[in-house]
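Chemist: Before I ask anything, let me first share the structure, which is written out below as structure tokens.
The values are calculated or read from the model by the stated rules, or taken from the named source; none is laboratory data. Keep in mind it's a predicted model, so treat the numbers as computed, not measured. Note that each Cβ is placed from the backbone with ideal geometry, even for glycine, and that neighbours are counted across all protein chains shown.
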Amino acid sequence: MDDENVDNTDTVEENDTEESKPTEDDSKLVEIERTLAIIKPDGVDKANEIEETILNEGFTILQKRSLQLTPEQASEFYAEHFEKPFYPRLVTYMSGGPIIVMVLVRENAILHWREVIGPTKPSVARETKPDSIRAKYGGDDEHNAVHGSDSSTSAEREIRFFFPDTVFESTLIGDTARDYLAKYINPTLSKALVELCKEKPADPVVWLADWLLANNPYRAGVQETVESN
Ligand SMILES: Nc1ncnc2c1ncn2[C@@H]1O[C@H](COP(=O)(O)OP(=O)(O)OP(=O)(O)O)[C@@H](O)[C@H]1O
């Protein structure tokens with residue numbers, strides 16, 4: 001178990017209501033996103049099954065840590081619930097044993113992970129989403145096995161909370177990605193693939209990597225630039 005301290009931020013997010021949260025059906029754009037998943041203390045003995053579900057649902061586990069929160073860290077993480085009657089019990093619960101935190105990546109990761117974990121209360125999950133993680137592994141309304149970020153703002157704050165070195169850069173998608181590749185990669189790569197087929201080397205991947213390094217038009221000292229299509 002890793003007991004290193006987590007980063008503490010003093011940001012308090014706005015308190016989203018269940019009604020205001022978007023659903024997957026509302027989503028028009030496909031986005032590659034990151035979200036934070038926590039396997040809570042009561043879910044840790046089912047970690048293998050939960051991780052299998054994560055992978056089966058098409059997520060990549062980008063980062064993973066096992067740790068135990070101090071009561072202060074649990075209070076900070078759930079600061080938005082400070083005034084709720086269940087807050088003291090929530091802090092005791094979340095600091096009462098080891099947890100596993102993961103950064104998950106997928107198209108629409110935030111919404112999809114919320115769908116996979118199911119409603120907050122396991123009793124409701126068992127009635128309405130019996131295949132969800134909280135339906136299968138949750139206990140009472142407080143002990144619901146897993147957490148998922150509920151918005152991109154929360155995801156960024158929560159990922160930084162546990163992985164303070166994370167850099168958030170926008171990922172190019174759609175036409176922007178196509179334009180970027182067409183301008184900077186395709187001309188050189190096409191030429192490299194033509195040469196590769198002529199050469200037919202024994203280890204094509206290493207040969208291709210060497211060719212690209214030797215013919216990188218953006219490397220200082222390489223004179224020739226490849227015409228774009
Ligand atoms: N009525 C309640 N009684 C006891 N515990 C509760 C209650 N409501 C919420 N909790 C606990 O507080 C956590 C945070 O509540 P929140 O309303 O943010 O739900 P959530 O976003 O589905 O959960 P999480 O933030 O853990 O993913 C819940 O996951 C649950 O452990």
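Chemist: From the residues in segment 60-88 that are within 16 Å of the ligand (Cβ to nearest atom) and of a type in the set (A, V, I, L, M, F, W, C), which one is surrounded by the most Cβ atoms within 10 Å (Cβ to Cβ)? Can you show your working first?
Modeler: Within segment 60-88, the first condition is being within 16 Å of the ligand (Cβ to nearest atom), and the residues that meet it are 69, 71, 73-88.
Adding the requirement that they be of a type in the set (A, V, I, L, M, F, W, C) leaves 69, 74, 77, 79, 82, 86.
Numbers: 69: 25, 74: 20, 77: 23, 79: 14, 82: 10, 86: 12.
That would be 69.
Chemist: Name every residue in segment 38-66 that is part of a loop (DSSP other than H, G, I, E, B) and over 14 Å from residue 109 (Cα atoms), in order of residue number. Explain how you work it out, then say what you get.
Modeler: So in segment 38-66, the residues part of a loop (DSSP other than H, G, I, E, B) come out as 40, 57-59.
Result: 40, single match.
Chemist: What's the number of the only condition in (1) surrounded by fewer than 18 Cβ atoms within 10 Å (Cβ to Cβ); (2) modelled with pLDDT of 95 or more that residue 25 fails to meet?
Modeler: Exception for residue 25: condition (2).
Chemist: Scan segment 117-136 for residues that are within 12 Å of the ligand (Cβ to nearest atom) and not in a loop (DSSP other than H, G, I, E, B) and report the count.
Modeler: The qualifying residues number 7.
Chemist: I'm told residue 96 meets every condition in (1) assigned to a loop (DSSP other than H, G, I, E, B); (2) within 16 Å of the ligand (Cβ to nearest atom); (3) under 30 Å from residue 177 (Cβ atoms) except one. Can you identify the failing condition by its number?
Modeler: (3)
Chemist: Here is a further query. Return yes when residue 91 is assigned by TED's automatic domain parsing to the domain that holds residue 40, touching a residue at least 12 places away in the same chain (Cβ under 8 Å), more than 11 Å from the ligand (Cβ to nearest atom) and outside any loop (DSSP other than H, G, I, E, B) and no when it is not.
Modeler: Working: assigned by TED's automatic domain parsing to the domain that holds residue 40: yes; touching a residue at least 12 places away in the same chain (Cβ under 8 Å): yes; more than 11 Å from the ligand (Cβ to nearest atom): no; outside any loop (DSSP other than H, G, I, E, B): yes.
Criteria not met by residue 91.
Chemist: Has segment 147-155 got at least one residue that is in a helix (DSSP H, G or I), buried (at least 17 other Cβ atoms within 10 Å of the Cβ) and within 11 Å of the ligand (Cβ to nearest atom)? Before the answer, list the steps.
Modeler: Taking segment 147-155 as the starting set, the residues that turn out to be in a helix (DSSP H, G or I) are 152-155.
Add one more test, that the residue is buried (at least 17 other Cβ atoms within 10 Å of the Cβ), and what stays is 154-155.
Pick out the ones that are also within 11 Å of the ligand (Cβ to nearest atom) and you get 154.
Among the residues of segment 147-155, at least one is in a helix (DSSP H, G or I), buried (at least 17 other Cβ atoms within 10 Å of the Cβ) and within 11 Å of the ligand (Cβ to nearest atom), which makes the answer yes.
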